[in-house]
1. May I ask you to list the residues in the range 168-212 that are open to solvent by 80 Å² or more (accessible area, probe 1.4 Å) and at pLDDT below 90?
2. Could you check the range 140-163 and list, in sequence order, the residues that are within 13 Å of the chain's Cα centre (by Cα) and either open to solvent by 10 Å² or more (accessible area, probe 1.4 Å) or of a type in the set (Gly, Ala, Ser) (or both)?
3. For the structure I just gave you, tell me whether Met130 is touching a helix residue (DSSP H, G or I) at 6+ places or on another chain (Cβ under 6 Å), within 19 Å of Leu34 (Cα to Cα) and modelled with pLDDT of 90 or more.
4. Please identify the pairs in which a residue from the range 17-41 that is part of a loop (DSSP other than H, G, I, E, B) has its Cβ atom under 8 Å from the Cβ atom of a residue that is among the aliphatic types (A, V, I, L, M) and open to solvent by 10 Å² or more (accessible area, probe 1.4 Å), counting only partners at least 6 apart or on another chain.
5. When you go through Cys110, Cys123 one by one, which is the residue that is at negative phi and surrounded by 21 or more Cβ atoms within 10 Å (Cβ to Cβ)?
6. Residue check, Leu187 against (1) touching a helix residue (DSSP H, G or I) at 6+ places or on another chain (Cβ under 6 Å); (2) more than 20 Å from Thr131 (Cβ to Cβ), all met but one. Which one?
7. Can you pull out every residue in the range 48-74 that is over 21 Å from Gly174 (Cα atoms) and crowded, with 20+ Cβ neighbours inside 10 Å?
8. Take the conditions touching a residue at least 40 places away in the same chain (Cβ under 8 Å), under 29 Å from Gln51 (Cβ atoms) and polar (S, T, N, Q) and apply them to Ser159. Does it pass?
Amino acid sequence: GEGAVQDRQAAQKAEPADITTKQIFSSIPFLMMLVFSFLFAVCMSPSSHLQNIALSSGFTSAAGAMMVSAYMTGEFVGKLGLGWLNDRWGINRAVLLVTSVGMVGIVGLCFVGSFGPQFGLLCALFFGPMTATTSVGYTLIANNTFGAKLYPRYYPYMSMASTMAFSVGSPMLGYMYDFTGKWNPALIMVLCGLILSLVLLTVSTKIMTKER
């Protein structure tokens, strides 16, 4: 009947678009989004070094543990808030907001040794919400950039890039600290990476919007 026809049409719309892997990797916006996915995830790596940042700043292990707890609290808030912000402003603006807050936290970590453990807690709390982008935001970003029909073809590659980045980012920051004896060079590199990530996200979305 008519209802069955409508169900088949809805199912067809939900199916992944007929696009080859070659076409996917020939797409400039996709390649930009792939770099964004990898680079942004690398920039989340300071979360695994908060304890060491605290200790190198002269804080106690307990203060470092509190910083980790503050970070996790911020991450939880980010996971709850990112979806709400997406509904109100769109995912790109939501990511821009939480990333800006996270960047404030990273800048603060560069000076945490001069202001004490309480300041470190605040910095870790500010850093937390941004990390929700890799767990919650990537799916929303892929859906917004490529559309619901193309999303199932593009998102797995973004997820793979993010997973690879997590295994690379933390050791890389650790090696930078071992080489320089300071966390600031690594944190400054993270800030630069975040700025580049936001540029890639914005440009790739605009290109895809024009192409669709």
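The values are calculated or read from the model by the stated rules, or taken from the named source; none is laboratory data. This is a predicted model, so every value here is computed, not measured. Virtual Cβ from ideal backbone geometry, glycine too; neighbours counted across all protein chains shown. Ligands, DNA and RNA are stripped out before the accessible areas are found, and what is left, the full protein with its side chains, is counted by its heavy atoms. Shrake-Rupley method; radii C 1.70, N 1.55, O 1.52, S 1.80 Å.
1. Correct list: Lys206, Thr209, Lys210, Glu211, Arg212.
2. Correct list: Leu140, Ala142, Ser159, Ala161, Ser162, Thr163.
3. Here the answer is yes, as Met130 does meet what is asked.
4. Ala17/Leu150; Ile19/Leu150
5. Cys123
6. (2)
7. If the condition is that a residue be over 21 Å from Gly174 (Cα atoms) and crowded, with 20+ Cβ neighbours inside 10 Å, then Ala70, Gly74 are the ones that fit.
8. In short, yes.
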